[in-house]
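So the structure is just underneath, and the comments pick up after that.
The values are calculated or read from the model by the stated rules, or taken from the named source; none is laboratory data. Bear in mind the structure is a predicted one, so any value in this text is a computation, not a measurement. We place every Cβ from the backbone using ideal geometry, glycine too, and count neighbours over all the protein chains shown.
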Amino acid sequence: MQTRQSNPQALFGRAVELHQAGRIGEAENAYREVLKVQPENPGAVFLFGLCHHQRGDHESAITLMDIALDMNPAMPQAHYNRGLALHELARYAEAVASYETAIELKSSYPQAWNNRGNALKAQNRLPEALASYDRAIALAPDFAEAHTNRGNVLKELRHFDEALASHDEALRLRPDYAEAHCHRGNALNALKRLDEAIAAYDRAIVLKPDYVDACINRGDALHQLNRKDDALRSFELAIARKPDAAEAYEMRANLFLSVKRHTEAAEDFERVCRLDDKLASRVVWQLLQTRLTLCDWHDIGHWRALIDREESLGWQAASPFAALSILASPAQQLDHNQRYVARWQPADKAPLWPGEIYAHQRLRVGYFSSDLRNHAVAYLTAGLFEQHDRERFEVHAFYFGPANDDPWHLRLKSAFEQFHEVRELPDRELASLIRDLEIDVLVDLNGHTQGARTDVLAMRPAPVQVNYLGYPGSMGADYIDYIIADPIVIPAEARPHYREKTVWLPDTFQVNDNRKAIAEAGRSRAELGLPEQGFVFCCFNNSYKITPAEFTIWMRLLQQVAGSVLWLAEADPVATANLRREAAQRGVDASRLIFTERMPLADYLASYRQADLFLDTFGYNAGTTASDALWAGLPVLTCLGETFAQRMAGSLLNAIGLPELVTESPDEYEILALALATDPARLAVLRERLANNRDSAPLFDTRRFTRHLELAYLAMQQRVDGGLPPDHIVIAAEPSQV
C-alpha cells in the first residue's frame, strides 16, 4: 500500500495545497520531492519554477518554466507566469511574447491581456498597452486592476479626464483598492485639482499605511500648493518607511532647492544616484547644477564625464535649465531638450487651434508668464508692454505666478489691455481660455524655467507660439514656432541647432526698460564693504555661472593688480565659503573677495558706480545683470562661446556700441581685463563712450525695440494668413531710426 510519501499524486497534491496556502518554502521542498519520483512531470516543474519566481529568483524561474514548456508547450498558465518573471527582469519584449502565447492557447485570458499591457507600457508603447487593457476589460468588466492600469496609460497619453474616469470605475468595483486611490490622485494632480489629489493620497495611505508612493505623490501635491513644511513631512514619512526610496529623496531634494537649502539638496541628489541608476539619469543634471550653485568643484569633472558618457548612450534627458550651464554646444542642448520634451512634455495630438484664420482688426498678442512681478523678466519687459502700439495690437497677459501686489506687478497689470490671473486654472482650461480669446501670437516668457506651464503650450492653443527671453536656448518642442534672437546670439551657422525658426531682430534680442530708476544717492564704497582705493572687479552673476575656468583667471588678475578686489553677489553661505577656499588655494587672500547683500533694485543699480569693470562668466553669460551694469555705466567684459547663453553679453555690448569688449577666447579676455585694469585712461574712454551711448544706442531704446518686435509678430502672422508654415524671419531696422 502506497503512503502519501511514496504516492506521486498525493505528493503533488500536498505540494499544491502548501503553495495555495502561501507556504512557498515548504511547497518548493514538496515539488522537489515530486520531481525525484516524476522528473518528467511538466506541471510540477512549472510550479517549482513558479515558487522561484515568487521568492524573487526570476532567472531560475524562467529556466524551470522553459523546461516545463519543452515537455508540454500547451500550458497557458506557464507561458503567462514566464511573462511575469521576464517582466521583473525588465525583459519586456520577451514578456509580451510569452503573454501572447498564453492568449493564443487561451483566448479568454484577461490577466494575460492586462499584464501584456503592463509590459507594453514599460516599453512606452502606450496606444498598444491601452488596447490590451481594453481587451482585458471587455473579457472581465469587473477587473479593477485593468481599469486602473488603463487609467495610468491614459494619464501618460495626457487624457487626464478619461484617466480619472478609469480610476473611478476601479474604485466603484473595489472601494478599498489603495493603488487606485493613489493613481486617481495622480490624475487629479495632472488636472491641477491638488486638494482633491491630496484627499485621494490620504485615503490610499489610510488603506495601506506603508504605501510609499502615495506619501511621495502627496508631498508633490503639497509642494505645488506651497505647503512646504507639510510636503517635507510627507517625503520624510516615505523615507522612514522605505529608507532606499530614491524618488522620495529626489522629491525632497527639489523641495530643498525651492527653499535654497542647496547643501541638503545636493546630498539627496547624490543618494538618488547611488540608489537608482534609472533616476540618476535625470537627477545627475540637478546634482551638478546644485554643486555649481554651491561653487563646490572638487569632483565636478566626475559628474560632467558621467553626463557626457550617458548623453551619448541616450540616457533620459532632464532639467533643460541645467543643460544651459552644463552642455557647451547648441547641438547638444537641442538633442537634450528634444529628448526631454518627447519624454515629459509631448505635444497634444489634438491641438486646440485647428488651423482657422482669425483675421482680427488688431493682432492679438498674449504674453504667457509666471514672472510678471518683482523678477528679472519684469525689469526687462515693463517698457515693452507699455510701448505697444494699441492701434495695431491688442495685448494680453496670462499670469500664473504667485499672487502679490508688489510695485512691479502693479505696474505691469496697468500696462496690459487685459491681464488674466490664471494660476488657479488647470492646464486644459487655461489653454481653452487662450483659444477662446483667439490669441494670434502667444509669447512664452518662461521656457524651461521655474514656474513654467509648458504643458499648456503643448495643447497648441494659438496659431503662433514663440520662445522669448526666459529661456536662452531652443526648447526642443515642435509646438514652439519661433525663437526671438539676433545675429550674434544665433549666428546663421547655428540655425540648424534650434528646433524653432529663428527671428533675427536688427540690434539685440534683449528688450530693456529705459524707465528703470537708479538711486541718486547710492552707497559709498565704505558702506558697501569695498576699499576706498584700489581696482574693483565685479561680477554679480548667479553663483552657478561661476566655474573654475573664469575664476582661475580672476584670481590671476587679483595677483597682478595690486590692491584690487573681486566683488561678487551674495550667495549661499556654503558657496561663499567655497569661493574663499578656492581663492586661498590659488594664492589669493580670501578677504579680497567681497560679497554684496541683496538690495532694492534702484540701490543695486547705483552700487555699480562703485565698481571699475564687470567680468562676465563664460559658460552662461550675464543677461539682465549685464544690462543692469551697462545701464548704470559700468563696462562689461565678455567672452563669446557657442550657445545662446554664452553669447548674450556680446549682443548687448554690440547694441550699446562697445564691441571691443567682446573677446573670443579666455586668453584674450584675460589680456584685455589686465590691460583695462592697469590703464585708467583707456578704461575712462570706454566709460565715457558708454555714458554717451546709453540714451542714443539701440540697447536702451525701448520704443525702437518694441517696433522691431511688433514687425516680427506681424511677419509671423502674415505667414499664417498665407497658409504658410513658420520660417526664418529677418527684421530690418526701421529706416527712420537708422
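Of the residues that sit in segment 145-168 and are assigned to a helix (DSSP H, G or I), free of Cβ contacts under 8 Å to residues at least 24 places away in the same chain and surrounded by fewer than 22 Cβ atoms within 10 Å (Cβ to Cβ), which one is farthest from the chain's Cα centre (by Cα)? Here the residue is 168.
Summed over segment 112-144, the residues that are surrounded by 20 or more Cβ atoms within 10 Å (Cβ to Cβ) and within 18 Å of residue 88 (Cα to Cα) give a count of 11. Quick check on segment 290-301. Is at least one of its residues in a helix (DSSP H, G or I), without any contact (Cβ under 8 Å) to a residue 40 or more places away in the chain and over 19 Å from residue 223 (Cβ atoms)? Looking for residues that are in a helix (DSSP H, G or I), without any contact (Cβ under 8 Å) to a residue 40 or more places away in the chain and over 19 Å from residue 223 (Cβ atoms), one finds at least one in segment 290-301, hence yes. Here 575, 571 are screened, and the one residue that is assigned by TED's automatic domain parsing to the domain that holds residue 627, of a type outside the set (D, E, K, R), in a loop (DSSP other than H, G, I, E, B) and in contact (Cβ under 8 Å) with a residue 24 or more places away in the chain is 571.
With the condition kept exactly as written, say whether any residue in segment 233-246 is crowded, with 18+ Cβ neighbours inside 10 Å and under 26 Å from residue 456 (Cα atoms). No, the conditions are met nowhere in segment 233-246.
The sole residue among 666, 659, 680, 726 that is surrounded by fewer than 22 Cβ atoms within 10 Å (Cβ to Cβ), more than 30 Å from residue 558 (Cα to Cα) and either small (Gly, Ala, Ser) or not assigned by TED's automatic domain parsing to the domain that holds residue 487 (or both) is 726. Out of 383, 355, one residue alone is over 30 Å from residue 626 (Cβ atoms) and over 23 Å from the mean Cα position of the chain (by Cα). It is 355. Beta carbons closer than 6 Å, at least 6 apart along the sequence or on distinct chains, pair a first residue in segment 361-379 that is under 17 Å from residue 598 (Cβ atoms) with a second that is hydroxyl-bearing (Ser, Thr, Tyr) for 376/624.
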